[in-house]
1. Can you find, within segment 81-102, the residue that is surrounded by the fewest Cβ atoms within 10 Å (Cβ to Cβ) among those that are modelled with pLDDT of 95 or more and of a type in the set (A, V, I, L, M)?
2. Which one of these does Leu70 not meet: (1) in a loop (DSSP other than H, G, I, E, B); (2) closer than 22 Å to Glu18 by Cβ; (3) modelled with pLDDT under 95?
3. Which ones in segment 120-130 are in contact with a helix residue (DSSP H, G or I) (Cβ under 7 Å, 6 or more places away or on another chain) and either surrounded by 16 or more Cβ atoms within 10 Å (Cβ to Cβ) or modelled with pLDDT of 95 or more (or both)?
4. So which of Ala108, Ala113 is out of contact with any Asp or Glu (no Cβ under 7 Å at 6 or more places or on another chain), crowded, with 18+ Cβ neighbours inside 10 Å and part of a loop (DSSP other than H, G, I, E, B)?
5. Can you pull out the residues in segment 1-15 that are surrounded by fewer than 18 Cβ atoms within 10 Å (Cβ to Cβ) and more than 12 Å from Lys139 (Cβ to Cβ)?
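The values are calculated or read from the model by the stated rules, or taken from the named source; none is laboratory data. What you see is a predicted model, and the numbers here were worked out from it, not measured in a lab. Using ideal geometry, Cβ is built from the backbone for each residue, glycine included, and neighbour counts are taken over all protein chains shown.
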Amino acid sequence: MNEASTILLVEDNPDDVELIRYAFAKAGIPNPLVVATDGDDAVNYVSGTHAYTDRRCYPHPALVLLDLKLPRRSGFEVLDYIRQHKPIKTVPVVVLTSSNQPEDIEAAYASGANSYLVKPVNRDGLLEMVKSIEAYWIKINRVTGE
């Protein structure tokens, strides 16, 4: 993944969006961060439908950070959609959620999540998590087309 690659954050909580944006800025991550605030919006973005038809303005994400508890369509449904549709089926999906429930973790991996992270409760913890995401998913990991 390179610095121009788009990261899609699927998160309905505006406070969490603000904290994640803060952590990305503090970590110096230059990648564009696009936010979808519900499951339907996320599916529209990854499929290039509705407001997202212009792929020059709304490129396919190279990484998806996905909350599970979303309005309109759950994170599990978004993950299932991604894993069933080309050309996005191989995009890495990191579940970033507040749920630490074993059944959610198992279901996310069974649906094709690449990683499952529980949101830290403070800014410092989130910053460290974002730095870890950058180290592996942005700097080290390779995606198709690179």
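1. Among residues in segment 81-102 that are modelled with pLDDT of 95 or more and of a type in the set (A, V, I, L, M), the one surrounded by the fewest Cβ atoms within 10 Å (Cβ to Cβ) is Val94.
2. Among (1) in a loop (DSSP other than H, G, I, E, B); (2) closer than 22 Å to Glu18 by Cβ; (3) modelled with pLDDT under 95, the lone unmet condition for Leu70 is (3).
3. Within segment 120-130, the first condition is being in contact with a helix residue (DSSP H, G or I) (Cβ under 7 Å, 6 or more places away or on another chain), and the residues that meet it are 120, 123, 126-127, 130.
Matches in segment 120-130: Pro120, Leu126, Leu127, Val130.
4. Testing whether each residue is out of contact with any Asp or Glu (no Cβ under 7 Å at 6 or more places or on another chain), crowded, with 18+ Cβ neighbours inside 10 Å and part of a loop (DSSP other than H, G, I, E, B) leaves just Ala113.
5. Ala4, Thr6, Asn13, Pro14, Asp15
Okay, residues lined up against (1) of a type in the set (S, T, N, Q); (2) more than 14 Å from the chain's Cα centre (by Cα); (3) in a helix (DSSP H, G or I):
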residue	(1), (2), (3)
Asn2	yes, yes, no
Ser5	yes, no, no
Leu8	no, no, no
Val17	no, no, yes
Ala51	no, yes, yes
Cys57	no, yes, no
Val64	no, no, no
Pro87	no, yes, no
